[in-house]
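Novice: The following block contains the structure, expressed as structure tokens.
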Amino acid sequence: MTEKNKKENIREELGRAAEAMAAASLLFDKGFFKDAVSRLYYFLLYNVRALLLTKGLETRSHESALRMLGLHFIKEGIFEPGFSHIFSKLMKYREEADYNPFYIFTREDFSELRKEVEDVSEKTKAYLKSKSYY
């Protein structure tokens, strides 16, 4: 993967992240909290995939994104373990939102999760800027 490809792919992932956050906000405003939480997860996933691309890494599954995040960014001390905990938590919540009809998310749940993922996104953008990818 060339540097030009990396930058283009990172830009694409960040664009997808922005769309996921916009969708999450629209769903939240209409009271669709489960779907809004699911879109928050995808917002975070696309941010993680952008990070992984800086090291030339591509994922084939949600679980591999979590593993590679831990191995290449948490274990190396680039990000604190809380980053992967938030990603793991949102991964679980996305599964509940998509597949468990009895799991309930509230307005407050979404708002709290949104703050967490926005904080992670800011750290992601700072890292990407420091490496001249953003």
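Any read-out appearing in this document is the output of simple, stated calculations on the displayed coordinates, not a laboratory observation. None of these values were measured; they are calculated from a predicted model. Note that each Cβ is placed from the backbone with ideal geometry, even for glycine, and that neighbours are counted across all protein chains shown.
Novice: Under a Cβ-only charge scheme (Lys and Arg +1, Asp and Glu -1), can you give me the dipole magnitude of the chain about the Cα centre, in debye to the nearest 20?
Specialist: Computed charge dipole of the chain: roughly 440 debye.
Novice: Looking at His62, Phe28, Ser132, which one has the Cα that reaches farthest to the positive end of the dipole of the chain (charges on Cβ: Lys, Arg +1; Asp, Glu -1)?
Specialist: Value computed over the given set: Ser132.
Novice: Now, a different point. Among (i) 44, 26, 24; (ii) 41, 32, 26; (iii) 44, 31, 27, which one is Cα extents along the principal axes in Å computed from these coordinates?
Specialist: Read-out from the structure maps to (i).
Novice: Also, quick follow-up: Quick one: if the Förster radius is 22 Å, what FRET efficiency do Tyr103 and Leu71 give, using the C-beta to C-beta distance and rounding to 0.05?
Specialist: 0.15
Novice: Under a point spin-label approximation (7 Å from Cα along Cα-to-Cβ), what is the Ala18-Ser130 distance to one decimal in nm?
Specialist: The answer from the label model is 2.4 nm.
Novice: Would you mind ranking Ser64, Ser132 so that the residue whose beta carbon has the fewest other beta carbons within 10 Å leads the list?
Specialist: Ser132, Ser64
Novice: Sort Met91, Met1 so that the residue with the fewest other Cβ atoms within 10 Å of its own Cβ comes first and the one with the most comes last.
Specialist: So the ranking, lowest neighbour count to highest, is Met1, Met91.
Novice: Over the chain, what is the mean sequence separation of C-alpha contacts under 8 Å (at least six apart), divided by residue count, expressed as relative contact order in percent?
Specialist: Contact order relative to length: 30 percent.
Novice: Here is a further query. Pop out the ³J(HN,Hα) list for region 98-112 in order, Karplus 6.51 cos²θ - 1.76 cosθ + 1.60 with θ = phi - 60°, rounded to Hz; leave Gly and Pro as x.
Specialist: 7, 10, 10, x, 9, 7, 10, 10, 9, 4, 5, 4, 4, 4, 5
Novice: In this model, which of Lys89/Lys131; Lys89/Lys115; Lys55/Lys92; Lys55/Lys125; Lys34/Lys89 are farther than 23 Å apart at the alpha-carbon?
Specialist: Lys89/Lys131; Lys55/Lys92
Novice: Taking θ = phi - 60°, what integer Hz values does the Karplus form 6.51 cos²θ - 1.76 cosθ + 1.60 yield along region 30-42, in sequence order, with x for Gly and Pro?
Specialist: Once θ is set to phi - 60°, the couplings for region 30-42 become 8, x, 8, 5, 4, 5, 5, 5, 4, 5, 4, 4, 5 Hz.
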